[in-house]
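Trainee: Here's a structure for you.
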Amino acid sequence: MADYDFDIGILGGGAAGLTVAAGAARFGARTLLIEKWKELGGDCLHFGCVPSKTLIRTARVYHMMKNAEKFGLPRVAPKPVDYREVAKRIEYVIGLIQKHDSKERFCGLGVKVEFGDGCFVDEHSVRVNGKTYSAKSWVISSGSSPSVPPIEGLDETPYITNREIFSLDSLPQSMITIGAGPIAIEMAQAFSRLGTKVILIERGDQILNKEDRDMADRIMNVLAGEGMSFYLDSTTLSTRDLGSLKEVVIRNGEGRVVSLKAEAILVATGRKPNIENFGLKAISVDCDRHGLKVDNRLRTNLKHIYGAGDVTGKYLFTHAAGYEGSVVLSNAILRLPKKTDYNHFPWCTFTDPELASIGMNEQAAKAAGIEYSVWTEEFRSNDRSLAEGEEVGKIKLLLDRKEKPLGVQILGPHAGELIGEWIAMMEGGTRLSTLASAVHPYPTLGEINKKVVGNFFSGKIFSEKVKKALKFFFSLKGRACESAAKED
Ligand SMILES: Cc1cc2nc3c(=O)[nH]c(=O)nc-3n(C[C@H](O)[C@H](O)[C@H](O)COP(=O)(O)OP(=O)(O)OC[C@H]3O[C@@H](n4cnc5c(N)ncnc54)[C@H](O)[C@@H]3O)c2cc1C
């Protein structure tokens with residue numbers, strides 16, 4: 001049997017790679033982790049989730065200061081934002097989390113960490129920093145990068161992506177955002193709240209195109225109410241550098257050519273997998289523009305090379321990368337065959353209000369030809385939500401023909417936390433009646449989860465049939481107030 005330097009080698013130290021590295025080393029595997037950036041943590045820590053959520057929090061505080069009167073407080077007129085201070089706080093939070101993702105911590109677990117550009121030289125060996133390391137199994141977890149569309153003039157026009165946006169020297173007065181996916185929308189709202197005049201361009205006819213239109217439209221209304229402008233159904237034709245301003249020319253929904261100008265352009269039009277320049281072609285690993293091709297055990301066409309995280313182009317989330325890392329561990333280290341299962345996969349867009357989902361939404365159920373019923377409850381009927389000054393949003397529960405949950409979407413305050421109850425329910429196969437009868441503390445936002453299920457059951461429980469039976473057996477006398485009956 002061939003003798004390799006390592007049991008497992010990992011290319012890319014983001015969420016996926018770190019999950020595999022920590023787990024493999026703890027199980028006693030001789031583990032190599034190669035990362036090309038100067039620190040571990042990947043996009044999520046340095047250019048993604050962590051800086052964006054930190055920025056969103058700062059922007060929300062500023063927004064609330066400006067809206068103090070809404071809470072019965074004296075009017076506040078805060079000074080304009082110094083973005084360098086915002087960027088400092090982002091750096092600070094990254095630094096706190098970096099300790100958890102440090103080289104020292106991974107060395108402590110037994111992982112050999114190499115910083116540098118890894119490149120396959122054969123099916124079992126990668127060259128980095130002039131040294132070649134062989135491993136029995138490899139994991140490609142090299143992540144993704146901003147995908148920049150071929151727009152005329154864009155190459156000569158300064159623009160920013162998620163790589164630059166968290167470390168700008170100053171807050172742009174105005175910004176045109178090209179794209180309306182989760183990254184674009186989260187950043188657009190945060191900058192708008194900090195004081196940037198934001199214009200958003202989207203070629204589709206709604207923002208957040210993977211979400212149901214009713215939910216996406218409610219978010220768009222909130223953003224428009226906060227001062228953002230939208231050009232939907234619009235094609236970006238060209239861009240031009242005018243010095244302090246940049247021009248973006250679009251064809252809008254009515255077919256008219258419109259020239260827009262702003263101090264900054266944010267390009268957030270999706271992601272492309274990092275599959276170039278590290279020898280994948282030379283060793284014939286199958287991939288296309290969507291990413292590495294992997295089977296449901298995350299093996300590439302070379303069965304000892306696995307793919308996990310954004311590079312596979314499937315679910316571009318940190319928790320997906322972590323989950324896929326755990327599937328790789330099971331297959332490559334424990335040798336327990338494990339397949340991926342995304343049926344109860346949750347995600348959240350961290351706008352204010354947040355939009356969290358698990359399982360199928362209406363759009364997905366329709367596309368799959370599945371019959372469903374929809375049950376809803378509004379946040380404006382939730383006492384805690386009103387006390388918090390949060391009136392926008394609703395929960396949507398989709399049931400299949402057998403009245404089992406297909407999916408849940410929550411648009412509202414702390415939706416990302418509220419979906420947790422549904423993750424446990426759906427993963428555990430818990431019955432809806434259990435949730436309906438579970439006592440929730442009052443007043444909490446979480447009561448909305450119980451209430452939407454209550455809406456489903458109330459038609460069955462308070463039916464004419466039940467009323468008739470109770471009247472028959474126990475001689476119940478019926479309504480006491482006829483005027484209320486008329487109002488109903
Ligand atoms: C602005 C923004 C906000 C986001 N917010 C969220 C969120 O709130 N929640 C969420 O779940 N997801 C969020 N995401 C997505 C999340 O960041 C990614 O899904 C996650 O980082 C993917 O992890 P990964 O391990 O696949 O890749 P990454 O974290 O990108 O790690 C890949 C690593 O591989 C390294 N690498 C690449 N090529 C090589 C090579 N040849 N040799 C060595 N190393 C290499 C890279 O330097 C990188 O460190 C956000 C993304 C962005 C851009």
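The values are calculated or read from the model by the stated rules, or taken from the named source; none is laboratory data. The model shown is predicted, which means the values in this text are computed figures rather than measured ones. Please note: Cβ atoms are built from the backbone with ideal geometry, for glycine as well, and neighbour counts cover all protein chains shown. Note: accessible area is taken over every heavy atom of the protein model, side chains too, but ligands, DNA and RNA are not part of it. Shrake-Rupley method; radii C 1.70, N 1.55, O 1.52, S 1.80 Å.
Trainee: Restricting the first residue to the range 40-56 and requiring it to be modelled with pLDDT of 95 or more and among the polar types (S, T, N, Q), which pairs with a second residue that is open to solvent by less than 10 Å² (accessible area, probe 1.4 Å) and more than 7 Å from the ligand (Cβ to nearest atom) meet a Cβ separation below 7 Å and a spacing of at least six or different chains?
Mentor: So the pair list comes out as T54/I90.
Trainee: While we're here: Look at R75 and say whether it is part of a loop (DSSP other than H, G, I, E, B), farther than 25 Å from N274 by Cα, in contact with a helix residue (DSSP H, G or I) (Cβ under 9 Å, 6 or more places away or on another chain) and not small (G, A, S).
Mentor: On the way: part of a loop (DSSP other than H, G, I, E, B): yes; farther than 25 Å from N274 by Cα: yes; in contact with a helix residue (DSSP H, G or I) (Cβ under 9 Å, 6 or more places away or on another chain): yes; not small (G, A, S): yes.
It is true that R75 is part of a loop (DSSP other than H, G, I, E, B), farther than 25 Å from N274 by Cα, in contact with a helix residue (DSSP H, G or I) (Cβ under 9 Å, 6 or more places away or on another chain) and not small (G, A, S).
Trainee: Same structure again: Just for the range 315-328: of the residues that are among the aliphatic types (A, V, I, L, M) and under 22 Å from E123 (Cβ atoms), which one is farthest from the ligand (Cβ to nearest atom)? First the steps, then the outcome.
Mentor: Applying the first criterion (among the aliphatic types (A, V, I, L, M)) to the range 315-328 yields 316, 320-321, 327-328.
Filter once more, so that each one left must be under 22 Å from E123 (Cβ atoms): 327-328.
On the way: V327: 13, V328: 11 Å.
Looking at residues that are among the aliphatic types (A, V, I, L, M) and under 22 Å from E123 (Cβ atoms), I get V327.
Trainee: Can I ask one more? Please determine, by comparing only the residues of the range 352-376 that are of a type outside the set (A, V, I, L, M) and open to solvent by less than 20 Å² (accessible area, probe 1.4 Å), which one is nearest to I410 (Cα to Cα).
Mentor: Here is the first cut: in the range 352-376, the ones of a type outside the set (A, V, I, L, M) are 352-354, 357, 359, 361-363, 366, 369, 371-373, 375-376.
From what's left, open to solvent by less than 20 Å² (accessible area, probe 1.4 Å): 353, 357, 359, 361.
Working: P353: 10, S357: 6, G359: 12, N361: 11 Å.
The residue in question is S357.
Trainee: Restricting the range 300-314 to residues that are modelled with pLDDT of 95 or more and in a loop (DSSP other than H, G, I, E, B), which is farthest from the ligand (Cβ to nearest atom)?
Mentor: Residues of the range 300-314 modelled with pLDDT of 95 or more: 300-313.
Next, only the ones that are in a loop (DSSP other than H, G, I, E, B) stay: 300-304, 308-309, 313.
Working: T300: 15, N301: 19, L302: 17, K303: 21, H304: 18, A308: 7, G309: 2, G313: 10 Å.
Applying the filter and picking the extreme gives K303.
Trainee: Now a separate question. Of the conditions (1) in contact with a Gly (Cβ under 8 Å, 6 or more places away or on another chain); (2) closer than 25 Å to I185 by Cα, E388 fails just one. Which one is it?
Mentor: For E388, the failing item is (1).
Trainee: So which of L411, L334, L329 ends up being open to solvent by 60 Å² or more (accessible area, probe 1.4 Å) and either in contact (Cβ under 8 Å) with a residue 60 or more places away in the chain or basic (K, R) (or both)?
Mentor: L334
Trainee: Against the condition of a type in the set (D, E) and touching a helix residue (DSSP H, G or I) at 6+ places or on another chain (Cβ under 9 Å), how does D295 come out, does it pass? Spell out how you get there, then give the answer.
Mentor: On the way: of a type in the set (D, E): yes; touching a helix residue (DSSP H, G or I) at 6+ places or on another chain (Cβ under 9 Å): no.
The answer is no for D295.
Trainee: Go through the range 66-79 and give me each residue that's of a type outside the set (A, V, I, L, M, F, W, C) and exposed (fewer than 10 other Cβ atoms within 10 Å of the Cβ).
Mentor: Step one: of the range 66-79, the residues of a type outside the set (A, V, I, L, M, F, W, C) are 66-67, 69-70, 72, 74-75, 78-79.
Scanning the range 66-79 gives K70, G72, P74, R75, K79.
For (1) under 29 Å from the mean Cα position of the chain (by Cα); (2) assigned to a strand (DSSP E or B); (3) exposed (fewer than 15 other Cβ atoms within 10 Å of the Cβ), each residue gets a yes or a no:
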| residue | (1), (2), (3) |
| --- | --- |
| K210 | yes, no, yes |
| A216 | yes, no, no |
| A224 | yes, no, yes |
| R240 | no, yes, no |
| I250 | yes, yes, no |
| S259 | no, yes, yes |
| F278 | yes, no, no |
| K281 | no, no, yes |
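Trainee: Quick check on the range 1-32: of everything there that is more than 6 Å from the ligand (Cβ to nearest atom) and under 26 Å from the mean Cα position of the chain (by Cα), which residue is most open to solvent (accessible area, probe 1.4 Å)?
Mentor: T19
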